[in-house]
Amino acid sequence: MASQSNPPGELNEFESPGVGGDRRKPWISIRPRQPRISFRVDRRVPLVLAVLSAIALVSLVLNVSLGEYPVPLWDAVKTIFGLSDNPDYVLVINSLRLPRALVALMVGAGLAVAGTISQAIAQNPLAAPSIIGINSGASLVAIIFLVVFPTADVTWLPVAAFLGAAAMALAIYCLAWIGSSSPIRLILVGIGLTAMTGAISSILITFGRIANVSQALVWLTGSVYGRTWQHLLPLLPWLVIFIPLSMVLARNLDALNLGDNLANGLGSRVEWTRGVLLLCTVALAGSSVATAGTVGFVGLMAPHLARQLVGPSHAGLIPVAALVGACLVEVSDLAGRILFAPTELPCGVITAIIGAPYFLWLLYRNR
Amino acid sequence: MLLDTASQIALTTRKLTLAYDGNVIIRGLDLAIAKGQVTALVGPNGCGKSTLLRGMAQLLKPKTGTVYLEGDAIAKLPAKTLAKRLGILPQSPSAPEGLTVRELVAQGRYPHQNWLQQWSQEDERQVDQAIATTDLYEFANRPLDTLSGGQRQRAWIAMALAQDTETLLLDEPTTYLDLAHQLEVLDLLHELNVNQGKTIVMVLHDLNQACRYANEIISLRSGQVHAQGKPEEVMTEQLVREVFGLDSRIIPDPVVGTPLCVPISQVRSRKS
């Protein structure tokens, strides 16, 4: 029990639990005999993960069952598991709605983890993946793709957008490098380059042909409309590799969050880990934005909500943020589909409607 | 001779030159800091005290020269190996919002962990011990931002203690604290030195506190060691004049007998 490890003599003084001296450890230590590993997570993490998973699953099922052609909930569940013999259900759910709903979950998780890492690297709770140029880089390339080369094959759009995001992040990192990287330089250079690419994007949108421009604007808003298994599969490996990698690096994120000096003093190789973590952000946010466009505010909101649920230690924060992000985008997509049916709102509009006031509240609270 | 004294020397610098972006702050410095002692670095603003401290902790890579930790060149030690032997607490560190004292202290275990062993029994024990030593038991599960300045500084020191290093460098550990909290922090450091034999090197602004708490004082002036020795030997009216450009009287501290510096103001003199 936790109390055994308390130093003797200290126990009597703070006998009343919960008042001031709470003797309970705020974390759960996990040390199996085999394999010989050990780690800890915040005490609140298991329950929070369970609840969020339930919310994600329920909203997923609702998202595939509701719509212009409603499918009863239980039939929807059966269809997902291949237990339905109604060919209409199979078509509507497994071919049309399920991949889209899954893409929504994945994009949300990717953006949320990318945001969590960005905020730790920048040591700034108001940072989001956009500060390292992900959104602006992807947007510019996507607009060029859709407006300047309207005849190009649209299946290459995600690839182009991803390359744009990666190139932009690399440019910011290199320009911010003066013998070493620094969080504040990354933010400032990021803002500068974002303004420049934003200007170019505006020019293209202003002078482009209206049909192409409206297509680009939908992409810019962020939407999972019409996403299929062909969109989902290329996104999957990015998440499967880089979310676990960022969880393995959780301790390094915690150290970086204390500032470069302390992280260095603790023996963390700051430049190396920051480089790897930036790569994680680019991979996660880049692939998500490439798949669904620039769904706004998820990378900013999800880490905050997650921190309020389980505190700032990254070992628990990353999976919780991932699920919060997944729920946000899934629920936004659901809301966008049914609120003004038959008109559909892109999920990016809904996340922005929730996110903008939340952002203002954050700014207000941080003074 | 060198071999004999090597065991009593914690940190040595050889021809150490430190610079920020080409601005040389410390030039060709030779220095030895005693092991198991409290050493205070004093000097005017911009004399290079903090820079020297950062250089000795490898936070700032030297232009030329070497820093040795008990005979080992720190530049050649792997980062984690160095962090197991030498801890540094920079000036006014900041923690993310909502981080609790215990979580902060737990981060001191970083150099003792690896990808597989992220939270061992020993980690747990050291964190408990650090919290007990700094008397933070009552606040262990409170977020850092809800504590007073003195408690917060104790939490940072607890983190450095959990790091379990023999040598501890602190950059102005009493800045922004009121007088009572300043003494509280200095008393804690004194106890760590006496009870656990830790080598403590700290930058201090207050000469009288330096004299009271340090076994040895190193005064710096424009990147050079001006004087080094026991407070009773080096803290003279001449030193204060040469280092700070200030006239003063040195009298025995009526409480502990160490030198006490009473500055003489140009404007505000006796019974004016």
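The values are calculated or read from the model by the stated rules, or taken from the named source; none is laboratory data. On a predicted model such as this, the values are computed, not experimentally measured, just so you know. Here Cβ is always computed from backbone atoms with ideal geometry, including for glycine, and neighbour counts include all displayed protein chains. The protein model used for the area step is the full one, side chains on, heavy atoms only, and it has no ligands, DNA or RNA in it. Shrake-Rupley method; radii C 1.70, N 1.55, O 1.52, S 1.80 Å.
What to note about this one:
- Here region B:84-93 is the region considered, the condition is being open to solvent by 60 Å² or more (accessible area, probe 1.4 Å) and more than 8 Å from every other protein chain (Cβ to nearest Cβ), and the residue that is farthest from A:N261 (Cα to Cα) is B:R85.
- All positions within region B:168-184 that are touching a residue at least 40 places away in the same chain (Cβ under 8 Å) and under 14 Å from the mean Cα position of the chain (by Cα): B:L168, B:L169, B:L170, B:D171, B:E172, B:P173, B:T175
- Residues that are within 7 Å of chain A (Cβ to nearest Cβ) and touching a residue at least 12 places away in the same chain (Cβ under 8 Å) were ranked within region B:94-107; the one that is most open to solvent (accessible area, probe 1.4 Å) is B:E97.
- Search result, residues across region A:114-141 that are within 20 Å of the chain's Cα centre (by Cα), more than 14 Å from every other protein chain (Cβ to nearest Cβ) and either free of Cβ contacts under 8 Å to residues at least 12 places away in the same chain or assigned to a helix (DSSP H, G or I) (or both): A:A114, A:G115, A:P129, A:S130, A:I131, A:I132, A:I134, A:N135, A:S136, A:G137, A:A138, A:S139
- Count of residues meeting criterion [at the interface with chain B (Cβ under 7 Å from one of its Cβ atoms) and outside any loop (DSSP other than H, G, I, E, B)] in region A:238-284: 8
- Test: A:L309 is modelled with pLDDT under 90 and of a type in the set (A, V, I, L, M): no
- The one condition in (1) crowded, with 16+ Cβ neighbours inside 10 Å; (2) touching a helix residue (DSSP H, G or I) at 6+ places or on another chain (Cβ under 9 Å) that B:T81 fails to fulfil: (1)
- Yes/no for B:I131 being in contact (Cβ under 8 Å) with a residue 60 or more places away in the chain and either facing another protein chain (nearest Cβ under 8 Å) or not hydroxyl-bearing (S, T, Y) (or both): no
- Verdict on B:V240 being touching a residue at least 24 places away in the same chain (Cβ under 8 Å) and part of a loop (DSSP other than H, G, I, E, B): no
- Among the residues of region A:332-357, those identified as open to solvent by 70 Å² or more (accessible area, probe 1.4 Å) and in a helix (DSSP H, G or I) are A:I338, A:I353, A:I354, A:P357.
- Taken over region B:32-54, the criterion of being open to solvent by 10 Å² or more (accessible area, probe 1.4 Å) and farther than 14 Å from B:A214 by Cβ is satisfied by B:A32, B:K35, B:P44, B:N45, B:G46, B:S50, B:T51, B:R54.
- B:W115 satisfies every condition listed in (1) within 12 Å of chain A (Cβ to nearest Cβ); (2) surrounded by fewer than 19 Cβ atoms within 10 Å (Cβ to Cβ); (3) under 17 Å from B:E172 (Cβ atoms) except (3).
- Subset of region B:84-94 (residues that are within 16 Å of B:S50 (Cα to Cα) and touching a helix residue (DSSP H, G or I) at 6+ places or on another chain (Cβ under 7 Å)): B:G87, B:I88, B:L89, B:P90, B:Q91, B:P93
- Residue identified as farther than 29 Å from B:W119 by Cα, modelled with pLDDT of 95 or more and either away from chain A (no Cβ under 14 Å) or surrounded by fewer than 18 Cβ atoms within 10 Å (Cβ to Cβ) (or both) among B:M202, B:M235: B:M202
- Test: residue in region A:175-188 that is in a helix (DSSP H, G or I), closer than 15 Å to A:L284 by Cβ and out of contact with any helix residue (DSSP H, G or I) (no Cβ under 7 Å at 6 or more places or on another chain): no
- The residues of region A:265-306 that are charged (D, E, K, R) and surrounded by fewer than 24 Cβ atoms within 10 Å (Cβ to Cβ), listed by number, are A:R269, A:E271.
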